Amino acid sequence: MSGLRVIELAGIGPAPFACMLLADMGADVVRIDRADGQRSFGDWHRYLDRGRRSLALDLKHPRGAETVLRLAERSDVLVEGFRPGVTERLGIGPGQCAERNPALVYARMTGWGQDGPLAQTPGHDINYIALSGALDAIGPADGPPVPPVNLLGDFAGGALYLVAGILAAVHESRGSGRGQVVDTAITDGTASLLGMLLGMADAGEWGHGRGGNLLDGGAPYYGVYRCADGRYVAVGALEERFYRALTDGLGFGGADGERLPDRTDRANWPALRAAFGKRFATRDRDAWAAVFDGTEACVSPVLTAAEAASHPHHRARGTYVPTADGAQPAPAPRFGRTPATLPPPAPRPGADTRHLLAECGWTPAEVEQLLRTGAAADDPGSGRGTGRRPPLQVFPSTAPDGGPT
């Protein structure tokens, strides 16, 4: 994606994640930070903010807004995650930017969308997936719905749809010469993700209550089981041959094995679940992982995030990159001809202010005036990122030496 230039108005959650993906794929992403360097939950974003350059601006200052418009003249995409109408009031809305650059793709990331009764209502991932109908489907049959961290709304229903919309709009713009607004709402994206579930419901294969369906832990051969050490394994033995491998590994196969009831009869599911649960409780998680290693049973240990980074499969592919604090995810997806590189770490807010102001066409004297009046700031230094740019690491489609090169 070399040659794609993106302006990111600093925010939290899905918009930074989307811009991380664009930066990982080679886009030149310029993050507009606050002039005072402050940002909510800034530490949480230290991996999501990688691969950027940072310009610290006071967007309420006329020359701060003018600087964004100058950047828009030279960019392909602008990404913002404010409430509807905020950027218009700042003088950097889609109409104002389009006057400077008619081909600009203006990508907006919100929870509820740009219109509708809830457009101005605050919310978070849990609220968006609740109203979309997704949260109700997640959790045990005898308990309340369980929020899947903030992966389903913020990042799947939000950020990934934002990236898809941006790439489609850029492709169209390069043919038409005209940009457009990409209105990405987490509620819309989450509803889209429910397509298969809704299809199952229409076919009569979903609707037995939370925790009572094929893919929500209701089926005994598609769920999670506690082991002797208190840790868990995940079972996904949907197809018949995988199910046979599961029952064989658990010791139910063979002439002398315990007979199990027919799994196709939903009435037998409680008895099957009890039998599987009793058997899994006899060994530790890693012992079961060893039993099923190399089989078709679709049984995997439930790893913590720290454990996952050390798993042999992830180490072989370089899925995680070691850091001083643990690990960060490597760029994804992978490209055969143009392998991804790990971008530099997140810069301090304003680390690139002077250079970017010069790129916008401000003279050295004007740059000093902008800094003196507070319209811009030169590295307020409040962020966690170091701003250092280490040598790039390359992640090929296969890492033959067992890790990133």
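Annotations for the structure displayed:
- Residues being of a type in the set (S, T, N, Q) and open to solvent by less than 50 Å² (accessible area, probe 1.4 Å) - total across region 151-177: 1
- Summed over region 91-105, residues that are touching an Asp or Glu at 6+ places or on another chain (Cβ under 7 Å), part of a loop (DSSP other than H, G, I, E, B) and open to solvent by 50 Å² or more (accessible area, probe 1.4 Å) total 0.
- Of the candidates Y128, Y161, the single residue that is closer than 23 Å to G93 by Cα and in contact with a helix residue (DSSP H, G or I) (Cβ under 8 Å, 6 or more places away or on another chain) is Y161.
- Selection count where residues are farther than 30 Å from S75 by Cα and open to solvent by 70 Å² or more (accessible area, probe 1.4 Å), scope region 178-224: 8
- Check on D136, more than 25 Å from L21 (Cα to Cα) and open to solvent by 70 Å² or more (accessible area, probe 1.4 Å): yes
- Only listed residue being under 30 Å from R273 (Cβ atoms), at pLDDT 95 or above and of a type in the set (G, A, S), chosen from A137, A168: A137
- Residue match in region 113-126 (condition: under 12 Å from E8 (Cα atoms) and touching a residue at least 12 places away in the same chain (Cβ under 8 Å)): no
- Picking from residues in region 21-50 that are among the aliphatic types (A, V, I, L, M) and closer than 17 Å to A376 by Cβ, the one that is most open to solvent (accessible area, probe 1.4 Å) is A35.
- Single unsatisfied condition, R285 versus (1) exposed (fewer than 15 other Cβ atoms within 10 Å of the Cβ); (2) among the charged types (D, E, K, R); (3) at pLDDT 95 or above: (1)
- Residue pairs whose Cβ atoms lie under 7 Å apart, separated by 6 or more positions or on different chains, with the first residue in region 51-80 and open to solvent by 50 Å² or more (accessible area, probe 1.4 Å) and the second of a type in the set (S, T, N, Q), are E73/N101.
- Residues of region 38-70 satisfying the condition of being farther than 16 Å from R354 by Cβ and in a helix (DSSP H, G or I): G42, D43, W44, H45, P62, A65, E66, V68, L69
The values are calculated or read from the model by the stated rules, or taken from the named source; none is laboratory data. None of these values were measured; they are calculated from a predicted model. So basically every Cβ, Gly included, is an ideal-geometry build from the backbone, and we count neighbours across all protein chains shown. Just the protein is used for accessible areas: all its heavy atoms, side chains included, with ligands, DNA and RNA removed. Shrake-Rupley method; radii C 1.70, N 1.55, O 1.52, S 1.80 Å.
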